[in-house]
Structure formats: C-alpha cells, structure tokens
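Rule-based calculations on the coordinates, nothing more; no lab input. Not measured: the values here are computed from a predicted model. Here the Cβ positions follow ideal geometry from the backbone for every residue, glycine too, while neighbour counts run over all protein chains shown.
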Amino acid sequence: MHELAETAKALVAQGKGILAADESDGTIKKRFDSIGVDSTEDTRRAYRELLFSTEGAEEYISGVILFDETLRQSASDGTPFPKLLESKGVIPGIKVDKGAKPLALSDGETITEGLDGLRERFAEYRELGARFAKWRATYSIAPDKPSEYCAWTNAHALARYAALSQEAGLVPIVEPEVLQDGTHTLEQSAKATGRVLQAVYTELHDQRIHLPGTLLKPNMVLSGYDASHRAGIDEVAEATLEVLYRHVPAAVPGIVFLSGGQTDEDSTAHLNAMNERGPHPWELSFSYGRALQAPALKAWRGDEANVAAGQEAYAHRAKMNGLARSGSYSPDMEQKVAA
Ligand code: 13P
C-alpha cells in the first residue's frame, strides 16, 4: 500500500500531469480520420513515438496512459515504449476497461465492461512495466439521467476494478465521466456529477479501497456544449470545486481532470482558475487526451517531415498545463508562442 501511495503522489507531483494516449483502436482511427491518416499498427506506433520521445515533455508530464497494443510496442531504435518512458522518469500506465456497452434494461445508458480475467491481465501489465491503470465509466445528463441504476452499477464495477488494481500493485485511476454534450445547465451538470461521485466513493469505501493509493479522473462541471448560455471560466471553476469539496474525501491525493471535448485552451484555463483558488485538500491536475494532443496531431498529419512540428505543439500544451497546476498560466502565453 505504501508503494501505491508513492506512485499516486508522483503522478500528481508539482507542475506535472498525465498524458492520456490510451485511445482504443476505434478512437485512434477517428482521430487519424480527422487528419486523413490511415490507422495501421505502424502509423499508430509512429504517432505514439512522436509524443513519447518529445524532449523536455517530462518536465510537465508525470505519466502516460497507454492502450494494450502500445504497451507492447517499441520506438524505432527498438526500445520498448514503457522503457523509453521510464528512462525519462515518466510512469507508464494502462487502460484496462473494455469500453462502455449498453446497460441492460436501461434507456440508452451504459455500463463499462472488462472485469472478467482482469486479475490475470493486471499481472501481465505489471510485468510489462505498467504502474497505474485507468477504467472509464460514462453517464449522460437528461431529466431522468444518470439513473440510480446506472450510477450504482458503474460505481460497483469501478470499485471492483480498483480493488484488483491495488491487489496487483497498480494505482487505479477511477474515471467516472459525466458527458457534457447537450443543452444542460451548469446546475444540472453539478447535480449529476455530485450524484455519480457520491455513489463511486460509497462503493470504493465498501470494497476496501485504500484511497491514498488512488487518483480520481472526473469531468469538469460545464454547461452543455450546445447550451444557449454557457458558463464562463470562473463559474466553471467554482461549480467544479464545490462539487469536489462535497463528494471527494481528502484522503484522495489527486484529482486529474479529463478534457472531454473542451478546447485545449479552455481545458487549461479551467484548471488554472481552480488552482488559483488553492490550496485544496488534493492536488488538482490533468490527465488530458484531446486537449494535449489535438495541436500535435494537426501539425503532424502523418508526415515524417512534420514530427518536429508535432513535438513542438505537444511540448507547448504540456507546458501550458504544467503552469496551470500552480495557477501561473495566462492566455497571452499562447499568443507569444504562436507569434
Ligand atoms: P480526453 O481528455 O480527450 O477527454 O481524454 C481523456 C481520457 O482518457 C478519456 O478516457
């Protein structure tokens, strides 16, 4: 349990956060489609190498979440990716869930699968170098959603995953994502997020999870992406903090937000605004996928000649988010680099 707490603390070390590069085959295909690149084992490998070999990113990146295929791949010089990351002091992690599937007897809600055989998969992942893991549950917002049924079945599965993860010596990142699509208000998002977190911490407690050896990966509380009035940076920061203060125990060492379809700069500004209001009982950090990678993907476009430009774009976002860890980010830092 001591090792778990140490790993969790290292993942939320001052000024650093996590890169989520654990897109499943289906998701990375979507990302590659957007830049007109075929998704093959080798293009996926080349793209991940671009990210992982970016010089200096380790100043701001404490850990990287990998997909099963990537954990087994190597850089072009033959160094396995987990070894490459470790050599830079970056901790390798692994996505272990098998995706959100329709929840039986519900009206369009989902349950995340992947518990069968998970103990054996954890043993292999640890052998391959992973020191932390991720499991994502998803929930929608509607007048009757998330239902109690969806909140509790997913909370139960998240806790079962977390227990197996801790048993194997990997820090579980617990990710209940309340999706922010739609026209809901900030208040509706706060209510749904609070409900889901309360169920998650009840199950984690009942299933004996050692909270200092965990991290939480939640959504931020936002107005729906299609809402007619959308809350600004300060409102989002305050609404998100209020929900977290009510529902996340202080024994949790860190909260690492997902970006979930916000723009890169909004994701950074929101995190910055929350940290400006610190100190808080937990470290407030990031575990972004799209918000760290989008500009790098666009700059790369699958062309070897653009690797340096892709790395520069990724290093810039990593640095901006690193600064947001201490509330030292400001939007004019974006223009300076772009100029
Ligand atoms: P986004 O930051 O793109 O939401 O991805 C984070 C993640 O890992 C979702 O599971």
The chain - charge dipole about Cα centre, Lys and Arg +1 at Cβ, Asp and Glu -1, debye rounded to 20: 360 debye
Which distance in nm do the two modelled labels at Glu86 and Tyr245 give, with both placed 7 Å along the Cα-to-Cβ direction? 4.2 nm
Output the direction-averaged projected area (hull surface divided by four) of the convex hull of the alpha-carbon atoms of region 1-118, in nm². 10.1 nm²
Shape metrics for region 162-268, restricted to C-alpha atoms - Rg then Dmax, Å: 14.5, 47
Using alpha carbon centers only, region 113-128 is separated from region 164-209 by a whole-angstrom value of 21 Å
Net charge near Leu241 (other residues with Cβ under 14 Å of its Cβ; Lys, Arg +1; Asp, Glu -1) is -4
Taking 2.2 N^0.38 Å as the expected size of a compact globular protein, what ratio does the Cα radius of gyration of region 201-339 give against it, to two decimals? 1.16
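Find the percent of Cα-Cα distances in the chain that exceed 35 Å, and round it to a whole number. Intermediate results must be reported in sequence, preceding the final value.
On the way: 8954 of 57291 pairs.
Cα-Cα pairs of the chain separated by over 35 Å account for 16 percent.
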Among the aspartates and glutamates, select those whose C-alpha is under 12 Å from the C-alpha of Lys29, and discard any that sit fewer than 8 residues away in the same chain. Asp38, Glu41
Between Tyr288 and residues 5 or more places away or on another chain, which pairs have amide H atoms under 5 Å apart, with H built 1.01 Å from N, and which residues are they? Ile18, Ala20
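Expressed in nm², what is the orientationally averaged projection area of the convex hull enclosing the Cα positions of region 265-339?
Averaging across all directions leaves 5.1 nm² for the Cα convex hull.
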Please check the chain for the longest run free of GluC sites (Glu not before Pro) that are loop-located per DSSP (anything but H, G, I, E, B) and have at most 16 other Cβ atoms within 10 Å. 114-339
